[in-house]
Amino acid sequence: MFRVFHHYVSLPTALLMGAELLILMLAAYAGIEFQYFLGGASLLNQAPLAPQIVLFAFLMLFIMSGLGVYQVDPFASPITSLVRMVVALALGF
């Protein structure tokens, strides 16, 4: 456990959120690249995408943490976890 802005955060949770942030950014970039690849256009002539990708990734992390995806709840059923993830994805997209 370590402190961030007077709150205790567990190391596994911080590592999980960091990994998910990286995966979300890579997935967003890959999706945009794939869309331009299918259309025959190049990303080099487009506006910078990094701010939009970072905003998307942090927004998804904010939504998932708000829905309690990162809470350790030993009594939560797999159905409850699945519902939380589906609602987070629906709000993110």
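The values are calculated or read from the model by the stated rules, or taken from the named source; none is laboratory data. Because the structure is a prediction, the values reported are computed rather than measured. All Cβ positions, glycine included, derive from the backbone under ideal geometry; neighbour counts span all protein chains shown. The protein model used for the area step is the full one, side chains on, heavy atoms only, and it has no ligands, DNA or RNA in it. Shrake-Rupley method; radii C 1.70, N 1.55, O 1.52, S 1.80 Å.
A few comments on the model shown:
- q = 0.11, 0.12 Å⁻¹: log10 I(q)/I(0) that the Debye formula gives for the chain, counting C-alpha atoms only: -0.43, -0.50
- Protein heavy-atom surface of the chain, 1.4 angstrom probe: 74% of the accessible area is carbon and sulfur, with nucleic acids and ligands not counted.
- Computed from label points 7 Å out along Cα-Cβ, the spacing between residue 77 and residue 30 is 3.3 nm.
- If you run the Gaussian network model on the chain, springs between alpha carbon atoms under 10 Å, then out of 54, 72, 83 the most flexible one is 72.
- Projected label distance in nm at residue 49 and residue 63, using a 7 Å step from Cα toward the beta-carbon: 1.9
- Only protein heavy atoms count here; under a 1.4 Å probe, residue 29 has an accessible surface of about 110 Å².
- Helix 11-39 axis, angle to the chain major axis (alpha carbon atoms, nearest 10°): 20
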